[in-house]
Structure formats: C-alpha cells, structure tokens
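Below you'll find the structure, written out as structure tokens, and then a few comments.
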Amino acid sequence: MRRLPALLAPLLTAVAVTVCGPGDTARAYSDPESYRSLEANAHPAWMAAVRGDASLAELSVPGTHDTLAVYGGAPTETQERHERGDGRGGGSLAHQLRAGIRAIDIRVRIVSDDRGRARFAIHHGAVYQRANFDDVVRELDTFLREHPTETVLLHLHAECAGGLTGCTDADPCPECGTDHNHRRRQIFDAYVDANRELFWQPSVTGAAHVPTLDEVRGKVVLVNWSGPHGGNYTDYGLQQLNYADWPDEWGPQKNCYVQNSYRVDGISLIDDKWEKVHAQLDRTNRAADCRDPGRPNHDRMYVNWTSGASFWAYPYTVAGGTPTATGVNGFLHQCLTGRNNRCDTPSVRRTGVLMMDFPGHGLVDEIIRRNPTG
C-alpha cells in the first residue's frame, strides 16, 4: 500500500482521534474470527506438522501487511498493538509469530543509532513505529530458536521516498554519498553479516530458488527487498518474484504471482478489492503457471495482499467492514469456510502467502489447515 502524503498524516491522525476516539479502530462489523483477534500462543509451531519436502510455494501462509504499523491512529495502524511496555519495540511481532503469522512486511528508514551508526528504524509513512530493525531481528531470532521447526518469510521495503510524500532517510554518514539505494544495501548487509545463522543465505546473497521447508526451518527467508518507488533490488530475494517493477494498479502488472492493488477509494469499493483477492486465489489454484501455461503451477509461489486503504477508507474499515459493507477479511473467511457462496471453497486447496491487515484467529486457522501434512 502506498503512503498518504506526509503533510496530511498529522491532520488525518487528528481527525481519526477526534472521530473514533482511542481504541475505536478495533470496532468493525466482521465476525471476530476474521478480524483483529489474534490469539497468543495459538500456533507457535504449526509448521512442525508440515511435510519437510514441500516447497514453500505449496504452502498456505498467513502474513501481515505493514507488520509493525501499530501507532499513528486509524490512518496508519494496520495491526493489533501488543507491545510489552518495557521500552523495547517488537512485542506486536512476537505476538503475531506465536499466533501463527509466518510472513511479515517490514518498512524501514535510515537513521542513526546512539553510537552514530546507520541503522534501520521501522516506519509507516512519516510515522515512526517505536521499533527498529534490531528489534525485528531480535524477535525473529528468539522465536526461531524456541521453535526451530518454523520459518518466517520477510518482505522488506524501503519506506522513505523523500520530498513531501512521506519520510526522509537520515543517514549519519554524509561522506557516504547520496545514493540511498546503495546505502540501504550496505546497512542491510551489515545486519545480515551480524546474524548469518538467522537468515537463509541464498535469499540475502542473490536471487534464490524457492526452497523446501526443510531447507529453511529455523531461518528467515527474504522474499523481496523493494525500494521506496516500488522496484525490487534484484540481487536479493526469491528469483521467481524478483521483478524490477513490483506490481501495483498504476502500471502494467508484469508479475501475475503478486496481487498488491492497495487503493480502495471508498467503502463501496471494498467489494472490488475482494474480487482482486478472489482472482488471485483462483490463479494460485489453477493447474497451469499464470505466466507460462505450458508448465505446472504447484511449485510457483503466489502472494496475495488483502490490505487496502485511502483517505476515504482506512485500513481497519477495509479489513473489518461497516454496518453496510463486509470487510475483505470477512469475505475471505466466508470463502475459506464455505459460507454465502463467496467462492468455490473446495477449489482453494492452497492460499499462497496472504498478507493481511488485522487478521482474526479464525482466518489464520483456516489458512494453516490447508497445508500438506505428513
């Protein structure tokens, strides 16, 4: 999802607080199984039951869009807040992982730490999320040490485009030049070098094949590393998804493996967003590869972003709905549970990677149960 202009963010946050009040972003009209109800420790090790020889492409993986966007009010918050109160960020990530989330979306800005080193802070647009990439690494390392049967898929995005469109990087090394893309690579590589046992190395040293689960248990797999304008840094991530242009609705969607149509310009258009999610589920479950009809589809990874927002429809509304409109989470839960003829439920044998705002525990349950066991 692209970010609202930075100059609008304070105004929109003030409007949200005035209209909604503290905590009212939890209010929605989907059933609680589909929306904002992740349960602590519900699925801390669900991958233990999944076949180790299964490709990650064969799996159904619950994920979160803008994983740590838990501050800033209704315009910017996309997930439940479960911070610990000890001054360290990342508690909401730890909660998600224990609840079964295995794909995360981390948005970073270059900043200086207290020792003057260039590091990554976590942002949603102009709003600092009171966490740094060091917190993300710590929580991932702790979780995977405790649960070595699991893997976590990481979507990494450089959040700051500069100008008036969002945040601006604050590199503490002026002599390092103005090539922020090069500097982002350098900073990320420093994190990887300091945590080599945590990251699955083929995904952080070049474009990698889609691995089997056994290849990456106990590891973080970098799926893609994208710049602030959407293009991928093509020397990272999984080769199948590693196109220079990350798809969006403003340009040609060259990568049919990814649905990331993030603008929902009004409550009446939530249905349209659901239909895009539905169409991607259909692609995921076809017999033939969406780019090459002559080859099979089972070993192709599909990513489906259910998130969406605009000035006229905040993330919690698109996910959770209103008294007169079903949210995307509700539509998806109905599809996976065979209700309201929302989709051909038996045909949804796998979901691919679903990147969601405010997922509920029942939605996570339905995604997980579609995985190959044995």
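The values are calculated or read from the model by the stated rules, or taken from the named source; none is laboratory data. Treat the numbers as computed from the prediction; the structure is a model and nothing was measured. Every residue, glycine as well, gets a Cβ built from its backbone with ideal geometry; the counts of neighbours run over all protein chains shown.
A single member of ASP86, ASP113 is free of Cβ contacts under 8 Å to residues at least 40 places away in the same chain, closer than 15 Å to GLU139 by Cβ and either surrounded by 21 or more Cβ atoms within 10 Å (Cβ to Cβ) or more than 18 Å from the chain's Cα centre (by Cα) (or both), and it is ASP86.
For residues in region 292-335 being in a strand (DSSP E or B) and polar (S, T, N, Q), which is farthest from the chain's Cα centre (by Cα)? Step through it out loud before you land on a result.
Of region 292-335, the ones in a strand (DSSP E or B) are 296, 303-305, 309-310, 313, 322, 325.
Cutting the leftovers down to polar (S, T, N, Q) gives us 304, 310, 322.
Numbers: ASN304: 10, SER310: 18, THR322: 23 Å.
Going through the qualifying residues, I end up with THR322.
Working carefully through the options ILE367, ILE267, find the one that is touching a residue at least 12 places away in the same chain (Cβ under 8 Å) and surrounded by fewer than 19 Cβ atoms within 10 Å (Cβ to Cβ). If you could, list the steps in order and put the result at the bottom.
Working: ILE367 fails: surrounded by fewer than 19 Cβ atoms within 10 Å (Cβ to Cβ).
Residue meeting the stated conditions: ILE267.
Checking each residue in region 337-364 for being buried (at least 24 other Cβ atoms within 10 Å of the Cβ) and either on the phi > 0 side of the Ramachandran plot or over 17 Å from the mean Cα position of the chain (by Cα) (or both) picks out GLY352, PHE358. Across region 323-339, the qualifying residues are those that are modelled with pLDDT of 95 or more and among the polar types (S, T, N, Q), and the one among them that is nearest to ASN255 (Cα to Cα) is ASN329.
Would you confirm, using the coordinates I've provided, whether ASN260 is of a type outside the set (Phe, Trp, Tyr), surrounded by 21 or more Cβ atoms within 10 Å (Cβ to Cβ) and at pLDDT below 95? First the steps, then the outcome.
Values: of a type outside the set (Phe, Trp, Tyr): yes; surrounded by 21 or more Cβ atoms within 10 Å (Cβ to Cβ): yes; at pLDDT below 95: yes.
It is true that ASN260 is of a type outside the set (Phe, Trp, Tyr), surrounded by 21 or more Cβ atoms within 10 Å (Cβ to Cβ) and at pLDDT below 95.
With the condition kept exactly as written, say whether any residue in region 301-311 is modelled with pLDDT of 95 or more, under 11 Å from PRO62 (Cα atoms) and among the aromatic types (Phe, Trp, Tyr). Taking every residue of region 301-311 in turn, at least one turns out to be modelled with pLDDT of 95 or more, under 11 Å from PRO62 (Cα atoms) and among the aromatic types (Phe, Trp, Tyr). Pairs under 9 Å by beta carbon, first residue at negative phi and among the aliphatic types (A, V, I, L, M) in region 166-177, partner part of a loop (DSSP other than H, G, I, E, B) and at pLDDT 90 or above, six or more apart or different chains? Taking only residues 6 or more apart or on different chains, the pairs are ALA170/CYS160. Scan region 105-116 and tell me whether some residue there is closer than 30 Å to ASP53 by Cα, assigned to a strand (DSSP E or B) and in contact with a strand residue (DSSP E or B) (Cβ under 9 Å, 6 or more places away or on another chain). Looking for residues that are closer than 30 Å to ASP53 by Cα, assigned to a strand (DSSP E or B) and in contact with a strand residue (DSSP E or B) (Cβ under 9 Å, 6 or more places away or on another chain), one finds at least one in region 105-116, hence yes. Taking region 296-322 as the range and being touching a helix residue (DSSP H, G or I) at 6+ places or on another chain (Cβ under 6 Å) and surrounded by 19 or more Cβ atoms within 10 Å (Cβ to Cβ) as the test, the residues that pass are ARG300, MET301, TYR302, ASN304, THR306, GLY308, ALA309, ALA313, TYR316, VAL318, ALA319, GLY321.
Which residue out of SER34, SER30 is modelled with pLDDT under 95, surrounded by 23 or more Cβ atoms within 10 Å (Cβ to Cβ) and not acidic (Asp, Glu)?
Values: SER34 fails: modelled with pLDDT under 95.
After ruling out the rest, the residue left standing is SER30.
For the condition without any contact (Cβ under 8 Å) to a residue 12 or more places away in the chain and under 15 Å from ALA279 (Cα atoms), what is the one hit in THR351, THR345?
None of the other options fit; the residue is THR345.
Output the helices (runs of 4 or more DSSP H) that fall wholly within region 119-217 and possess 1 or more residues being within 19 Å of ASN232 (Cβ to Cβ) and charged (D, E, K, R), or say none. Give the steps one after another, and end with the answer.
Numbers: elements: 133-146, 180-194, 201-204, 213-216.
Because the criterion is at least 1 residues that are within 19 Å of ASN232 (Cβ to Cβ) and charged (D, E, K, R), the helices (runs of 4 or more DSSP H) in region 119-217 that meet it are 180-194.
I'd like to check something: does region 151-160 contain any residue that is on the phi < 0 side of the Ramachandran plot, loosely packed, with under 14 Cβ neighbours inside 10 Å and of a type in the set (A, V, I, L, M)?
Looking only at region 151-160, we keep the residues that are on the phi < 0 side of the Ramachandran plot, and these are 151-160.
Those left that are additionally loosely packed, with under 14 Cβ neighbours inside 10 Å: none.
No - not one qualifying residue is present in region 151-160.
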